[in-house]
1. Quick one: how many residues across region 87-123 are under 30 Å from Asp66 (Cβ atoms), within 14 Å of the ligand (Cβ to nearest atom) and either surrounded by 17 or more Cβ atoms within 10 Å (Cβ to Cβ) or of a type outside the set (Ser, Thr, Tyr) (or both)?
2. So Leu63 fits all but one of (1) under 29 Å from Ala168 (Cα atoms); (2) touching a residue at least 40 places away in the same chain (Cβ under 8 Å); what number is the exception?
3. Would you check which residues across region 87-108 are modelled with pLDDT of 95 or more and among the polar types (S, T, N, Q) and list them?
4. Just one of (1) surrounded by 12 or more Cβ atoms within 10 Å (Cβ to Cβ); (2) away from the ligand (no atom under 16 Å from the Cβ); (3) not in a helix (DSSP H, G or I) trips up Leu164, so point out which.
5. If a residue must be assigned to a loop (DSSP other than H, G, I, E, B), closer than 25 Å to Leu80 by Cβ and of a type in the set (A, V, I, L, M, F, W, C), how many such residues does region 114-145 contain?
6. Here is a list of conditions, (1) within 15 Å of the ligand (Cβ to nearest atom); (2) more than 17 Å from Ile158 (Cβ to Cβ), and Val135 meets all of them except one; can you say which number that is?
7. Conditions: (1) in contact (Cβ under 8 Å) with a residue 12 or more places away in the chain; (2) among the aliphatic types (A, V, I, L, M); (3) more than 21 Å from Asn42 (Cα to Cα). Val111 meets all but one. Number of the miss?
Amino acid sequence: MKAELLTKLLAKSPSFEMSSGRNHNAITPEDINHMLGIKKLNRKEYNFLLMKYLDNDDSKSSLFDDLYEDTYQLFYKTELPEEKGLIRKFLNSAIVEVVTERCFFCNGTGVIKTLASINKCNHCDNGIFLYDDKVRCEMTGFPHNVFIKYKETYLEIIDMINRLENSARSKIGDY
Ligand SMILES: [Zn+2]
């Protein structure tokens, strides 16, 4: 996915050829910044793409800070949690859920191979990891009863990040 996305960015950026004249194979962070810049992405969309497809840690912390306020507002609408750190942990888990699609048990292959057998992986659907409430409890570090209490809001956070991704990808022509 990372490679596909970058290929699209490169193909649709007329300025790229000029800036890369020195070496056709070298894509610098400056090139990418420039390409994302001319797509009129807002800061959150920009940071989302850099975080998800280029594993950029600065973008991740910047996005987290920006989304924290939005996440706080989602809780504020219904009920602010008493549990310490819950908003941060929910947001962090939701970001991981949207960004990490590939199953880490089978490496995205959808099957678990041993010397004796090949079995369908129980944790995913053809390599796309299935995030259920049990996994979410483990990721957030809260017991099931606490997670369930705020599950609606958790799903709203997921939805918010999904919308951010859709909007970012449609601006760069990825949909
Ligand atoms: Zn799997």
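1. 5
2. It fails just one condition, (2).
3. Passing the criteria: Asn92, Ser93.
4. Only one criterion is unmet by Leu164, namely (3).
5. Within region 114-145, residues that are assigned to a loop (DSSP other than H, G, I, E, B), closer than 25 Å to Leu80 by Cβ and of a type in the set (A, V, I, L, M, F, W, C) number 1.
6. Val135 satisfies all of (1) within 15 Å of the ligand (Cβ to nearest atom); (2) more than 17 Å from Ile158 (Cβ to Cβ) except (2).
7. The number of the failed condition is (1).
For every residue, the table says whether it meets (1) under 25 Å from Ser170 (Cβ atoms); (2) not aromatic (Phe, Trp, Tyr).
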residue: Met51; (1), (2): yes, yes
residue: Asn56; (1), (2): yes, yes
residue: Arg102; (1), (2): yes, yes
residue: Gly110; (1), (2): no, yes
residue: Phe142; (1), (2): no, no
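The values are calculated or read from the model by the stated rules, or taken from the named source; none is laboratory data. Please read these numbers as outputs of a predicted model, since none were measured by experiment. Using ideal geometry, Cβ is built from the backbone for each residue, glycine included, and neighbour counts are taken over all protein chains shown.
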